[in-house]
Amino acid sequence: MTSENRSRVSRRTLLGAGGVTALTAPFLGAGPAAAVETPVLATPETVPDTGMHLITLGTAAGPAIRGPRHGIASAVVVDGQHYLVDFGLGMPRQAADSGLTGNRLRQAFVTHLHSDHVSEIAAYMLYNWDTPVQGVTSKVGIVGPGRSPLPEDIHPHITPPRTGMRDLVHRLLQAYAYDINIRTTDEARTPLDELFEGVDIELPRSLHADPDRNPVPDMEPFTIYEDDLVQVQATLVPHLPVFPSFAFRFESEHGVIAFSGDTAEHQNVARLSRDADLMVHEVVNMDFYRGQDFSEEFLHHLESSHTTPEGIGRIATAAGAREVVVSHVAGVFSTEDIAGIAEHYDGPYSLAVDRQLYSV
Ligand SMILES: [Zn+2]
C-alpha cells in the first residue's frame, strides 16, 4: 500500500461504533496502515440501535470456496431494524453473529438469481422461523428478479426455465414440506409460507427491456419498496447473460447506501449511487485470473460482466459517492489489488472484510 492510498482510507469504520476497535483484519496488512483501517466487526454489542449502518456479512464472489471469505451478503441497519441484500454461503450464521435476529428483519432483497446470491435463502428461512429462535413472526418479502425468458443462446436443461423470485421461494418451501408440516403442528410454529414470500420486481413497461435486444437501457432508478424508515430503488445493470440483474439504493433520513450488485462498469450504477454516503461495489482483478489456468470462456465471462478497480473509480467519481466499499471480490487479496480505484477517484475506499461495520 502506498502512502497516498493510506491517507485515503476511511476513518468512518472507527467512528461508527463509538470508538470500538478492531477485531479482525484477515486481508489487511499489519503496521501503521492497519491502525487506521482496522475494521470494526459487527456484533450484537457494536451495531448501534440508531442511525444507518452497513454490514458486509459476506464478501466473496462466485459459487467457489477459495479462501476464508463467506459468500456475498450484506445488511443495511436503520434505527435497529434491518434489511438484507443477497444470501451467499454462510449468510444465516453471519447475520446471527452480527446480532441481526429475524424478528427485526423488515425486508430482504436479491440482486439477481446467480446461485452465489441465493443459495442460503432456504437455510435463512428455516433458521429464522418464528419465536423459538427470535425469528421472523410476521410476513416479510424477499424481493428480487421476476420471471424472464432465457437469452436465445441459452438452452434449458432443467425445467421450468422461467424462474423468478416468487417461484424460487415457493419451490424452496415445497422442497422442505416435510419439515415445515411437522414443525407447524408439532411445535405450533406459524406456517413458514405465511412468514416468507418471494416478491417479483416488475420492470417499468416504458423501458422495453429484454434479455436479447435491450437488456440494460440507460435509465433512472425506480422505487421497489418503501416503509417508514427507508425507500429502496433499483436499476438494471449489465451482468450478462443474466437478466434481469439489479443494483439497489437504500435511502433513509440518515443517508444513502448503494449496492452495485454484480455488474460490468455502467452509468446506471453511477445514477443509482448519486451522492451516496457509501457505494458498495463489486470488483474483479483480471491480472490475477489471467495468470491462472482458466478457460477463455471463463475469462471472457469475468471481463464482460464484472468491474475492474479502475472502473469502480470512474463510476464513484461520476456518482459523487462519498466513500467506496469494495465487496463481492474476485481475485482480490489485499488493498493493493484495488489501488486502481485511486487513479479515477479522490475519495476514501476500503476492501471490506466479512461482518465489517460501516456507519453513515
Ligand atoms: Zn452474478
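The values are calculated or read from the model by the stated rules, or taken from the named source; none is laboratory data. All figures in this text were calculated on a predicted structure; none of them were measured in a lab. Methodologically, a virtual Cβ is constructed for each residue, glycine included, from the backbone with ideal geometry; neighbour enumeration extends over all protein chains shown.
Taking Val329 as the residue in question, decide whether it is within 16 Å of the ligand (Cβ to nearest atom), β-branched (Val, Ile, Thr) and not in a loop (DSSP other than H, G, I, E, B).
For Val329, the condition - within 16 Å of the ligand (Cβ to nearest atom), β-branched (Val, Ile, Thr) and not in a loop (DSSP other than H, G, I, E, B) - is met.
For segment 313-330, give me the residue count where each residue is over 17 Å from Ser245 (Cβ atoms) and either free of Cβ contacts under 8 Å to residues at least 24 places away in the same chain or out of contact with any Asp or Glu (no Cβ under 7 Å at 6 or more places or on another chain) (or both).
Residues that pass the stated criteria total 9.
Scan Ser245, Ser260 and give me the residue that is over 15 Å from Arg271 (Cβ atoms), under 17 Å from the mean Cα position of the chain (by Cα), within 16 Å of the ligand (Cβ to nearest atom) and hydroxyl-bearing (Ser, Thr, Tyr).
Just a single option satisfies the conditions, and that option is Ser245.
With respect to Glu282, determine if the residue is within 16 Å of the ligand (Cβ to nearest atom), free of Cβ contacts under 8 Å to residues at least 24 places away in the same chain and either more than 25 Å from Pro145 (Cα to Cα) or buried (at least 24 other Cβ atoms within 10 Å of the Cβ) (or both).
no
Select the strands (runs of 3 or more DSSP E) contained entirely in segment 1-97, then report the ones holding at least 3 residues which are at pLDDT 95 or above and over 15 Å from the mean Cα position of the chain (by Cα).
Per the criteria, no element qualifies.
From the list Glu310, Glu303, Glu336, Glu343, which one is among the acidic types (Asp, Glu) and within 16 Å of the ligand (Cβ to nearest atom)?
Testing whether each residue is among the acidic types (Asp, Glu) and within 16 Å of the ligand (Cβ to nearest atom) leaves just Glu303.
Do the conditions hold for His266, that is, is it within 16 Å of the ligand (Cβ to nearest atom), closer than 20 Å to Phe222 by Cβ and not basic (Lys, Arg)?
Spelling it out, His266 is indeed within 16 Å of the ligand (Cβ to nearest atom), closer than 20 Å to Phe222 by Cβ and not basic (Lys, Arg).
Suppose we keep only residues that are of a type outside the set (Phe, Trp, Tyr) and crowded, with 21+ Cβ neighbours inside 10 Å within segment 115-129. Which one would you say is farthest from Arg147 (Cα to Cα)?
So the residue we want is Asn128.
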